[in-house]
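Asker: Below is one structure. I have some questions about it.
Any read-out appearing in this document is the output of simple, stated calculations on the displayed coordinates, not a laboratory observation. Computed from a predicted structure; not experimentally measured. Note that each Cβ is placed from the backbone with ideal geometry, even for glycine, and that neighbours are counted across all protein chains shown.
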Amino acid sequence: MDKLLTMSKKEWTRKEIMERLEEKRLKQHEAAEILGVSERHVRRLLRSYRTCGSEGLISKRRGRPSNNQIPAKKKQQAIDLLHSRYADFGPTLACEKLSELHGVNLSKETVRQIMISEGLWKTKRRRKARVHQLRVRRAGVGELVQIDGSPHAWFEDRGPACTCLVAVDDASSRLMAMRFVPTETTLGYFDLTRTYLAQHGLPKAFYSDKNSIFRVNHPQSRSGDGLTQFGRALLQLGIEIICANTPQAKGRVERSYQTLQDRLVKEFRLLDISDIDQANAFAPTFISDYNHRFAVQPRSAHHAHRPLPFSQKELDLIFSLQETRTISKNLTLQYNKVIYQIHTKRPSYALRKAQVTVAESPQGQVTILYKGKPLDYSIFHRQPRQAEVVPTKQLNAHLDKPHHKPAPDHPWRNYGRRLNGKPIPHKQDAPS
């Protein structure tokens, strides 16, 4: 009885070639060129064909499991972990955590296929990308540093939403500094910049968006020197500030947030980090791991960072909010709804109409400078609360700040309450 053989297209082609070799209508080197194999392998196939016929050309591994197949126990362990702990992780991050925390070593593509089969990951349809003009990276580290902030639920539902400020080097995509702050403010960027300078030194330039923290956006602004507080601080430090026209122009920092909002949020979940202080304490560890995975080699080995020529006292003054005021005839000035009285031993007429600089530190300490030297003062009067001007990005934080609560024994808490049909007396009205 004839045996039914199942052959693939590749095996059928080999059968035809072997028949032509047997009939001397083809030479071995020609057969090797047609099949894309060596002449030695052609002789091996011919020998199998002569011994077993067409069956000798069929793969012996057909119908058998692959030698590289993942053991069922190991695959099931990965599936259980993916469902229990990493259901919303991406394949790459899930693969890393399976290896680092559980010793389950699988390739990224294997984890991706498992997650797709288990319904934990859906393939993404690529949208047609908009074409933007490409810009070559800067050559050396520190030549151009991109800065930006991202408000996000970094702690998910375990803590309040906050803003992550980062600085990314243009030449190497290295994460140079990272700070978590309640909202995107000038003082927050002061804190980020001080952290950057302490670790790396002075870069040549910062690259940012057109936020009012970095540039004066009012086209007809006439007051002041045309600089924001952050711009003035960078000018004193000798760092150039450049504003991008589109988000795509500073793509290094924009793309870094895609990674951070995926990986960093899940790292916080695994470590149970739920507030800003814990996040800032963990930041150096994450930055080291991030740069090890994603940083690229710059074209030049030269570092453009310069040593920091300022003392801590000078930096404290640079990273303060500074405004110019004119002293009145009675030696007073107004700043932030407070009237300050200047005390001096020199004749009073010497300071009348003098221009002074009011510097407020991040801690709220006020210093009044005249020709670079501090003046003694006292608080003369605090003005009543007035309407405040709040930037859009700070509006939610302003509305969500805690309000004053009366003390537990405040008479207001007993208002309208009765005991045995009689009003509860206030403490000052209660009999002794």
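Asker: For the range 324-375, just the Cα set please: Rg and Dmax, both in angstrom.
Answerer: 10.7, 33
Asker: Could I ask something else about it? Could you state the angle between the C-alpha long axis of helix 9-22 and the longest principal axis of the C-alpha atoms of the chain, as a value from 0 to 90 degrees rounded to the nearest 10?
Answerer: Taking Cα atoms only, the helix is inclined about 30 degrees.
Asker: Residue separation times 0.36 nm, minus the C-alpha to C-alpha distance between ARG158 and ARG64: what's the value? Kindly include the intermediate steps, with their values, before the conclusion.
Answerer: Numbers: separation 94, 0.36 × 94 = 33.84 nm, distance 5.01 nm.
Result: 28.8 nm gained on full extension.
Asker: Please check which bits of the range 85-107 a label hung off ILE116 would reach, taking the label as a point 7 Å along Cα-to-C-beta and the cut-off as backbone N under 14 Å.
Answerer: 91-92
Asker: Right, next: Can you quote the Å³ per residue value for the convex hull of the Cα atoms in the range 96-182, rounded to an integer? Intermediate values should be presented prior to the final figure.
Answerer: Numbers: hull volume 18.0 nm³, N = 87.
Convex hull of Cα atoms, per residue: 207 Å³.
Asker: Continuing with this model, one more query. So for the chain: antiparallel DSSP bridges make up what percent, rounded to the nearest 5? Mind dumping the intermediate values first?
Answerer: On the way: 39 of 46 bridges.
So the antiparallel bridges in the chain amount to around 85 percent.
Asker: Per-residue counts of other Cβ atoms within 10 Å, averaged by peptide: what ranking do you get for 326-333, 146-153, highest first? The partial results should precede the final answer.
Answerer: On the way: 326-333: 15.1, 146-153: 19.8.
Descending mean neighbour count gives 146-153, 326-333.
Asker: Where the Cα atoms of the range 131-261 are projected onto their three principal axes, how long is each span, largest first, in whole Å?
Answerer: Over the range 131-261, Cα extents along the principal axes are 45, 36, 35 Å.
Asker: How do 319-325, 45-51 rank on mean C-beta neighbours within 10 Å, highest first?
Answerer: On the way: 319-325: 17.3, 45-51: 15.4.
Highest-to-lowest ranking by the protection proxy: 319-325, 45-51.
Asker: Follow-up. If R₀ is 22 angstrom, what is the calculated FRET efficiency for the pair ASN245 and VAL296, using the beta carbon separation as r and rounding to 0.05?
Answerer: Details: r = 25 Å, r/R0 = 1.13.
The value I calculate is 0.35.
Asker: Which values, in whole Å and largest first, are the semi-axes of the equivalent ellipsoid of the chain obtained as the square root of 5 times each eigenvalue of the Cα gyration tensor? Mind showing how you got there, number by number?
Answerer: Details: eigenvalues 986, 224, 57 Å².
Each semi-axis is √(5λ); the values are 70, 33, 17 Å.
Asker: Using square roots of five times the C-alpha gyration tensor eigenvalues, list the equivalent-ellipsoid semi-axes of the range 196-352 in whole Å, biggest first.
Answerer: On the way: eigenvalues 319, 83, 67 Å².
They are 40, 20, 18 Å, listed largest first.
Asker: Residue by residue through the range 282-291, which ³J(HN,Hα) values in whole Hz follow from phi under the Karplus form 6.51 cos²θ - 1.76 cosθ + 1.60 (θ = phi - 60°), with glycine and proline marked x?
Answerer: 7, 3, x, 5, 5, 4, 4, 5, 4, 5
Asker: Once you sort the root eigenvalues of the Cα gyration tensor of the range 72-117 as a ≥ b ≥ c, which label holds: rounded (a/c under 1.5), prolate (a/b larger than b/c) or oblate (the other case)? The partial results should precede the final answer.
Answerer: Numbers: a/c = 1.14, a/b = 1.04, b/c = 1.10.
Rounded.
Asker: Pairs LYS97/LYS204; LYS10/LYS73; LYS75/LYS122; LYS204/LYS373; LYS210/LYS373: which exceed 26 Å Cα-Cα? Provide the component values of the computation, followed by the final result.
Answerer: Working: LYS97/LYS204 38 Å; LYS10/LYS73 35 Å; LYS75/LYS122 19 Å; LYS204/LYS373 30 Å; LYS210/LYS373 34 Å.
Distance filter (> 26 Å) returns LYS97/LYS204; LYS10/LYS73; LYS204/LYS373; LYS210/LYS373.
Asker: Going by C-beta contacts inside 10 Å, put VAL216, VAL145, VAL253, VAL296 in order with the fewest on the left. The partial results should precede the final answer.
Answerer: Values: VAL216 14, VAL145 29, VAL253 25, VAL296 11.
Ranking VAL216, VAL145, VAL253, VAL296 by Cβ neighbours within 10 Å, fewest first, gives VAL296, VAL216, VAL253, VAL145.
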